[in-house]
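A short reminder: the numbers here are calculations on the coordinates, not readings from a lab. In this text, all values refer to a predicted model and were calculated from it rather than measured experimentally. As a convention, Cβ positions derive from the backbone with ideal geometry for all residues, glycine included, and neighbour counts pool all protein chains shown.
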Amino acid sequence: VRKKRPTGLRFSVGQVVRHLRLGFKAVVIGWDESACAPATWMALHYPKLERELEVRGQPNYRLLADMRDTLNYLGPLYVPQDELVVLSKEDFKAAGISAFSNEPIVKHPAITEFFDFYDGKSFTPRPWLRRIYPQG
């Protein structure tokens with residue numbers, strides 16, 4: 001359980017973000033104050049030691065990516081904070097999503113396992129997820 005939310009955290013559980021370099025939309029399903037991935041995973045994903053150290057020293061987020069943006073990849077992703085931004089109005093327009101659209105903001109089969117609904121700004125975590133991240 002994450003009783004206290006770190007001050008350096010930019011994103012909350014349920015918030016919709018966009019990956020800066022790869023452009024995919026995703027919803028935050030969890031976070032770590034600093035990277036907690038195994039050394040072998042970090043070395044594989046960040047072969048340059050300098051970048052690995054940068055990633056380890058910042059918040060990292062677990063995400064469910066929009067299947068439409070990731071060739072139907074269904075696994076959770078683990079991404080450092082400096083590679084993410086909040087989804088902007090322009091991102092919504094580019095995706096053809098509006099308040100009147102029937103299209104989900106993030107399409108992923110596991111969304112309902114983590115969230116009850118999307119309120120137009122963010123996804124509302126299910127009770128079990130709220131217990132782990134009570135402050136988002």
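Values as computed for the structure displayed
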read-out: Choice from T124, T40, T70 with maximal GNM fluctuation in the chain (Cα, 10 Å cutoff); value: T40
read-out: Hz values of 3J(HN,Hα) by residue in the range 45-59 - Karplus curve (6.51, -1.76, 1.60), Gly and Pro given as x; value: 7, 9, x, 7, 4, 4, 5, 4, 5, 4, 5, 5, x, 9, x
read-out: Separation between Cα centres of the range 105-136 and the range 27-52, rounded to whole Å; value: 23
read-out: Lysine pairs with alpha-carbon atoms under 22 Å apart, the range 16-123, spacing 8 or more or separate chains; value: 9
read-out: 5 angstrom amide H check on Y133, placed H, neighbours 5+ away; value: R2
read-out: L20-R68 pseudo-label distance in nm [points 7 Å out on the Cα-to-Cβ vector]; value: 2.5
read-out: Dimensionless Rg ratio for the chain, taking C-alpha atoms and the 2.2 N^0.38 Å reference; value: 1.05
